[in-house]
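Let me begin by presenting the structure, written as structure tokens, before commenting on it.
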Amino acid sequence: PLLIIALGYGMWSRERERGTLRQVLSTGVDRRTLFAGKAAALALALLGLLVPAAVLTLAVLWFLGGGGASTLARLGLLAACYGLYLGTFGALALFASAVAKTSRAALVGMIGLWGLFCLVLPRLGVEVASQAVPLPSQAELSERVEAGLEKGVDGATSREDAVESIITKMMREQNLENAGLLMDEAELNGIELRAEARWEDSIYDHHIEAFQARVEAQERAGAWVGLLSPYAAMRSLSMGLCGTDYAHHLHFARATEAWRKRFVGYLNEAFAKDGGAEGWNYRAGPELWKKAPPFEYREPAPSFALATHASSLGGLALWFVISLALALRSSRRVSV
């Protein structure tokens with residue numbers, strides 16, 4: 001944006017100060033044609049810098065073998081969003097150049113606008129979001145989890161009673177409730193392990209999901225700053241399309257947690273089935289690990305990023321339309 005401001009702040013004002021604008025308009029050229037020419041010149045100057053970088057990026061992806069359809073689609077969408085973002089600043093620079101009385105005033109005004117959009121409003125958005133949806137500290141979250149493990153989510157269910165209830169339910173489901181002394185000790189230990197894991201998972205899931213929901217709410221609150229700042233909107237879209245935002249992190253974290261539960265369940269079932277008389281001294285062979293459920297993850301489609309950051313995309317598009325309309329309107333009324 002600063003480069004765009006440096007290139008575009010004097011496109012109207014410099015010509016007006018030099019007297020060349022009056023001469024050009026005296027030939028009868030349409031102002032819209034002049035505007036299109038100035039916008040094209042600004043765009044071509046930027047493309048001269050950006051196209052080589054884009055070609056280099058694609059070449060590196062091709063060389064590394066990472067240029068799949070999803071990656072290329074994300075890059076294409078990212079390029080389109082940056083087109084809206086840079087186009088917004090280009091249109092605002094042309095608008096400032098047309099309405100400002102001097103080139104210096106246009107430059108100062110655009111630098112001030114850049115500072116507002118890129119420095120002040122994003123920071124303000126973070127502060128507002130953190131105040132609107134405060135998050136518990138790590139110590140507070142740990143205390144809640146520890147208390148839940150001992151007394152349950154409701155604060156009235158002891159760990160022993162909860163685990164015993166889960167064991168009874170599991171034995172009923174497996175028709176083992178009347179087995180008594182006929183049950184193998186290792187099998188009983190395996191059921192206890194699964195019951196303990198199920199109880200702990202229920203507590204962790206409750207508190208972690210509540211924490212994640214607050215983080216998502218804070219992210220949504222901060223995303224509305226995109227309606228006030230094209231920089232904030234582009235930042236959210238960039239992280240989303242690159243897969244480095246909180247939504248993608250959460251998508252991956254949930255997949256790994258689901259696999260972890262399957263893996264722990266698989267180990268506990270194997271212990272109950274094969275532990276036998278060895279009990280806690282049982283050691284599994286390599287076959288157990290070879291048959292363990294593998295971790296397989298598929299990243300979400302690019303549409304996931306667009307849906308997650310729909311408000312940012314809308315804010316960026318709105319800023320582009322508004323700035324383009326201002327630039328067009330000012331070009332028709334630029335003084336000579």
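Would you please list the contacts, defined by Cβ atoms under 8 Å and residues six or more apart or on different chains, that run from a residue in segment 134-162 that is in contact (Cβ under 8 Å) with a residue 24 or more places away in the chain to a residue that is assigned to a loop (DSSP other than H, G, I, E, B)?
ARG144/PRO136; GLY152/SER158; ARG159/GLY152; ALA162/GLY152
Consider ALA73 carefully, then state whether it is among the hydrophobic types (A, V, I, L, M, F, W, C), more than 26 Å from ARG332 (Cβ to Cβ) and at pLDDT below 90.
no
In this structure, is ALA162 open to solvent by less than 30 Å² (accessible area, probe 1.4 Å), in contact with a Phe, Trp or Tyr (Cβ under 9 Å, 6 or more places away or on another chain) and farther than 20 Å from PRO230 by Cβ?
So ALA162 fits the description; yes.
Of everything in segment 218-242, what is at pLDDT 90 or above and open to solvent by less than 30 Å² (accessible area, probe 1.4 Å)? Give them in sequence order.
Within segment 218-242, SER229, PRO230, ALA232, ALA233, MET234, SER236, LEU237, SER238, GLY240, LEU241 meet the criteria.
Filtering segment 277-336 down to residues that are among the polar types (S, T, N, Q) and out of contact with any Ser or Thr (no Cβ under 8 Å at 6 or more places or on another chain), which residue is nearest to THR71 (Cα to Cα)?
SER303
Kindly indicate the residue of segment 214-244 that is out of contact with any helix residue (DSSP H, G or I) (no Cβ under 8 Å at 6 or more places or on another chain) and assigned to a helix (DSSP H, G or I) and also farthest from PHE304 (Cα to Cα) among those meeting that condition.
Step by step, filter segment 214-244, then rank; the result is ARG214.
Mind checking whether some residue in segment 89-105 is open to solvent by 70 Å² or more (accessible area, probe 1.4 Å) and touching a helix residue (DSSP H, G or I) at 6+ places or on another chain (Cβ under 6 Å)?
Looking through segment 89-105, at least one residue is open to solvent by 70 Å² or more (accessible area, probe 1.4 Å) and touching a helix residue (DSSP H, G or I) at 6+ places or on another chain (Cβ under 6 Å).
The values are calculated or read from the model by the stated rules, or taken from the named source; none is laboratory data. Nothing here was measured: the structure is a model prediction, and the numbers come from that model. Cβ: placed from backbone, ideal geometry, glycine included. Neighbour counts: every protein chain shown. Heads up: the accessible areas ignore ligands, DNA and RNA and are worked out on the full protein's heavy atoms, side chains in. Shrake-Rupley method; radii C 1.70, N 1.55, O 1.52, S 1.80 Å.
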